[in-house]
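Derivation of every value follows stated rules applied to the coordinates shown; laboratory data play no part. Treat the numbers as computed from the prediction; the structure is a model and nothing was measured. Quick reminder, even Gly has a Cβ in these numbers, built from the backbone with ideal geometry, and neighbours come from all protein chains shown.
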Amino acid sequence: METPGSQSSLHRANLERVVRAVRLAGSLTQAEIARATGLSAATVSNIVRELKDGGTVQVTPTSAGGRRARSVSLSGDAGIVIGVDFGHAHLRVAIGNLAHQVLAEESEPLDVDASWSQGFDRAEELVNRLVEATGVDRAKIAGIGLGVPGPIDVESGTLGSTAILPGWGGIKPAEELRGRLGVPVHVDNDANLGALGELVWGSGRGVRDLAYIKIASGVGAGLVINGKIYRGPGGTAGEIGHITLDEGGPVCRCGNRGCLETFTAAPFVLPLLQPSHGPGLTMEGVVRLAREGDPGCRRVIADVGRHIGSGVANLCNLLNPSRVVLGGDLAEAGELVLGPIRESVGRYAIPSAARQLTILPGALGGRAEVLGALALALSEMGDSTLLDGCAADGARSATPAFT
Ligand SMILES: [Zn+2]
């Protein structure tokens with residue numbers, strides 16, 4: 001047994017801090033590791049050498065600010081993580097390694113009327129197919145991140161009612177997938193995973209406080225505070241879609257009137273255009289037509305942007321994030337929607353909260369959630385198996401032999 005505070009347990013703790021920082025970021029220079037962990041440059045240098053000798057990390061030459069540096073990432077073959085994302089009409093699976101490289105990714109349409117057991121059958125099949133195709137060792141799968149388009153109760157892991165996949169409410173998605181695939185599964189809602197995806201791989205890189213706003217059939221936000229997803233005790237933080245904009249407005253699915261969602265989500269926006277543009281119009285179509293110059297679609301997108309901007313202004317006044325990332329179909333409209341969002345934020349947020357804010361479209365498009373699921377699996381896996389070799393060496397060198 002190691003004594004807390006002994007040299008060997010301190011050494012082990014430092015190893016864990018470095019491995020954790022690299023695991024979450026993908027790759028870091030030694031200077032960045034020192035900043036992220038609070039360890040001295042000399043300690044980081046020694047630890048990186050030890051981890052490299054033990055095969056836990058790989059070190060490659062890079063440049064940082066024009067200067068030569070060494071980029072540290074976990075060894076690609078140290079472990080495998082899997083992301084599974086159930087969307088409103090799709091199922092997407094990605095396989096990645098601990099160096100944050102995506103080895104395979106595939107999506108297929110998912111019938112919205114499919115029962116939850118059919119949905120999980122398809123997910124199980126697709127995961128097995130991609131594992132086989134990439135030839136990864138099943139024993140190296142460290143965990144699965146799973147995204148679902150509805151609220152997850154933090155205590156019980158139960159999926160709340162979801163308008164997007166009716167009939168799925170009340171199931172325990174992580175337990176279901178764990179039972180089928182036999183590896184640890186961590187579950188979260190799509191907005192939180194979109195936030196994680198953009199934070200680790202996309203428009204939120206390098207930022208510690210971020211709000212990801214997803215506008216699709218509903219409106220949700222994933223909040224990152226000081227580098228971590230903020231879920232709240234019940235898991236419902238970020239319900240930005242139900243901020244009241246107009247007490248006399250349309251009735252929302254939550255039972256209130258004039259929620260932000262009733263001015264911005266597809267079921268409310270599309271009917272405004274269908275009389276003039278035909279019944280088959282989709283949100284994707286509205287964005288495409290607006291980009292081609294259609295005045296009606298441009299007007300509707302600008303209105304949606306201004307409404308989202310009021311919600312973002314409220315969010316800024318409460319949380320003061322440094323970046324807001326817009327996801328979902330609407331993000332493809334670029335400045336047509338971002339301009340009006342910025343205009344509303346400028347009008348309604350207090351200047352000190354808006355000053356340091358940048359509003360960007362997501363960089364990952366429809367992949368944000370599945371990459372966020374990979375990031376979730378990476379953040380939830382422990383480091384114990386990764387450090388087995390090194391810790392034994394560290395303990396040997398730091399403690400006297402008792403035999
Ligand atoms: Zn509502």
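If you take the square roots of the eigenvalues of the alpha-carbon gyration tensor of region 203-363 and sort them as a ≥ b ≥ c, do you get rounded (a/c under 1.5), prolate (a/b over b/c) or oblate? Intermediate values should be presented prior to the final figure.
Working: a/c = 1.79, a/b = 1.42, b/c = 1.26.
Here region 203-363 falls in the prolate category.
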Prolate/oblate/rounded label for region 156-196 (Cα gyration tensor, a/c 1.5): oblate
Spin-label model distance (nm) - Phe268 vs Ser156, 7 Å beyond Cα toward Cβ: 2.9
Cut-off 17 Å (backbone N to label point 7 Å along Cα→Cβ of His88), residues of region 204-226: 213-222
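Where does the chain land at 222 nm, in deg cm²/dmol rounded to the nearest 500, when only DSSP H runs of n ≥ 4 count, each adding -39500 (n - 2.57), divided by all residues?
Working: 14 runs with 176 residues, N = 403.
Calculated mean residue ellipticity at 222 nm is -13500 deg cm²/dmol.
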Amide N proximity, region 54-88 versus Arg205 label position 7 Å along Cα-to-Cβ, cut-off under 17 Å: 60-67, 69-74
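Just need the relative contact order of the chain here, percent rounded to a whole number, with Cα pairs under 8 Å and 6+ apart. Don't skip to the end; give the middle numbers.
Details: 778 pairs, mean separation 68.8, N = 403.
Relative contact order for the chain comes out at 17 percent.
Using only the Cα atoms of region 329-373, what semi-axes does the equivalent ellipsoid have when each is the square root of 5 times a gyration tensor eigenvalue? Give whole Å, largest first. Provide the component values of the computation, followed by the final result.
Details: eigenvalues 121, 37, 9 Å².
In descending order the semi-axes read 25, 14, 7 Å.
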Extension reserve of the Ala41-Ser117 stretch, reckoned as 0.36 nm per residue once the Cα distance is removed: 22.2 nm
DSSP-loop trypsin sites (Lys or Arg not before Pro) across region 268-356, with at most 16 other Cβ within 10 angstrom: Arg355
Peptides 85-91, 208-214 ordered by average Cβ neighbours within 10 Å, highest first: 208-214, 85-91
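Less than 15 Å Cβ to Cβ from Ile213, Lys/Arg counted +1 and Asp/Glu -1: what total charge do the surrounding residues give?
Local net charge: -4.
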Protection-proxy order for peptides 52-60, 225-233, each taking the mean of Cβ atoms within 10 Å per residue, highest first: 52-60, 225-233
Orientation-averaged projected area, Cα convex hull of the chain (nm²): 23.0
Relative packing of peptides 14-21, 374-381 - highest average C-beta neighbours within 10 Å first: 374-381, 14-21
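Find how much the distance from Glu343 to Arg70 grows on full extension, using 0.36 nm per residue of separation minus their present alpha carbon separation; answer in nm with one decimal. Spell out each step's value before the answer.
Values: separation 273, 0.36 × 273 = 98.28 nm, distance 4.22 nm.
Here the answer is 94.1 nm.
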Percent antiparallel among DSSP beta bridges (both partners in the chain, rounded to 5): 65
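Could you list, in their original order, any pairs among Lys172/Lys214; Lys52/Lys214; Lys140/Lys214 whose Cα atoms are separated by more than 28 Å?
Working: Lys172/Lys214 24 Å; Lys52/Lys214 40 Å; Lys140/Lys214 33 Å.
The answer is Lys52/Lys214; Lys140/Lys214.
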